[in-house]
Amino acid sequence: MSYELLTAEARRVSAAPEALACGWITLNRPKQLNALNDALMDELGAALLAFDADDGVGCIVITGSEKAFAAGADIAVMAPKTFMDVYKGDFITRNWETIKRVRKPVIAAVSGYALGGGCELAMMCDFIIAADSAKFGQPEIKLGIIPGAGGTQRLPRAVGKAKAMDLALTARMMDAAEAERAGLVSRVVTADKLLDETAAAAAAICEFSLPSVMAAKECVNRAYELPLNEGLLFERRMFHALFASADQKEGMDAFLNKRKPAFKHS
Ligand code: CAA
């Protein structure tokens with residue numbers, strides 16, 4: 001498939017023979033700092049679904065440029081829209097939420113600005129690795145609107161009410177160090193190491209058994225939806241289910257025999 005506003009390639013990130021490839025997506029609308037318009041979100045959704053359906057892919061990365069992961073929804077496109085346009089067209093929903101259907105892990109590798117819809121897109125990923133240049137924020141209030149792609153919901157879950165209110169109400173940006181302290185990002189690396197560090201994280205995932213990787217993602221996500229006992233039961237059942245996989249036998253046998261496992265992703 002060919003894209004105009006992003007690049008997408010299945011990249012080998014691990015030399016291990018059974019490791020799966022990583023679906024590597026780079027947002028590429030540089031003049032607008034990767035501002036997210038319909039065409040870009042359509043392409044992103046298509047690329048994500050294609051990698052999710054590809055048996056040779058074990059994990060997906062979304063990244064942007066050095067200056068911007070994404071500077072938000074496209075303000076020039078939104079400016080003339082009316083209530084009827086956004087309501088009847090279900091703006092932000094149709095093509096922005098495709099990522100929620102992806103069952104393989106999605107890592108956001110963030111350098112530079114991740115603002116508004118860009119911060120929200122990063123938060124829709126499973127975890128964020130940030131360059132020390134990263135700046136996160138929900139500055140929609142400056143435009144006379146509010147975050148519309150999950151900023152008021154995912155941000156407080158990630159960083160707590162105080163910082164979420166601070167960011168949404170004052171429009172200030174949070175740098176990478178503060179984002180890591182607050183729990184928004186899983187790790188911070190120097191900007192020149194961002195892609196290598198992200199590829200290494202993706203490689204680790206791509207070497208593991210895909211069914212257990214998918215189950216782990218599904219279980220962690222249930223923690224945000226379920227009461228504790230229901231979440232624990234869901235986890236326990238998924239844990240039990242993995243004993244039906246060939247890879248559980250392989251992983252445990254490899255440990256006991258002090259060798260590297262050769263997972264077959266089944
Ligand atoms: N939409 C459309 N165009 C954008 C954009 C956006 N969100 N962000 C940047 N651009 C464009 C600028 O208009 C500019 O275009 P021109 O060269 O044609 O003038 C180009 O990208 C470069 O931007 P700047 O000249 O502003 O670059 P800068 O380095 O001075 O500032 C910035 C960078 C701080 C990120 C600044 O561009 C900015 O504040 N951008 C807007 C951020 C924002 O408000 N995001 C929220 C959008 S609303 C939203 O996302 C709703 C939602 O929840 C889904």
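Quick look at the numbers
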read-out	value
Cα gyration tensor shape for segment 157-231, rounded if a/c is under 1.5, else prolate or oblate	oblate
Cross-link pairs Lys193/Lys249; Lys217/Lys249; Lys104/Lys264 - those with Cα-Cα distance over 24 Å	Lys193/Lys249
Sorted by Cβ neighbour density within 10 Å, fewest at the top, the residues Leu226, Leu184, Leu40	Leu226, Leu40, Leu184
Relative contact order (%) - the chain, alpha-carbon pairs under 8 angstrom, separation at least six	17
Once the Cα gyration tensor of the chain is diagonalised, semi-axes √(5λ) in Å	33, 20, 18
In Hz, Karplus ³J(HN,Hα) per residue of segment 178-192 (6.51, -1.76, 1.60; θ = phi - 60°; x = Gly, Pro)	5, 4, 6, 4, 7, x, 6, 10, 7, 7, 10, 10, 5, 4, 6
222 nm mean residue ellipticity, helices alone, for the chain (DSSP H n ≥ 4; -39,500 (n - 2.57); rounded to 500)	-12500 deg cm²/dmol
Sparse-neighbour loop sites [GluC sites (Glu not before Pro); segment 186-253; at most 16 other C-beta within 10 Å; DSSP]	Glu225
Karplus-derived 3J(HN,Hα), 6.51/-1.76/1.60, for each residue of segment 128-143, Hz, glycine and proline x	10, 9, 10, 6, 5, 8, 5, 9, 10, x, 10, x, 4, 4, 5, 9
Interchain or long-range residues, amide H under 5 Å from Trp24's placed H	Glu9, Ala10, Arg11, Val61
For segment 74-85, 3J(HN,Hα) per residue [Karplus equation, 6.51 cos²θ - 1.76 cosθ + 1.60, θ = phi - 60°, Hz, x = Gly/Pro]	6, 5, 5, 6, 6, 3, x, 5, 9, 4, 4, 4
Gyration tensor verdict on segment 1-41 (Cα atoms; rounded if a/c is under 1.5, prolate if a/b is larger than b/c, oblate otherwise)	prolate
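No lab work stands behind these numbers, since they all come straight from the coordinates. All values derive from a computational prediction rather than experimental measurement. Cβ sites come from the backbone with ideal geometry, for glycine too, and all protein chains shown count toward neighbours.
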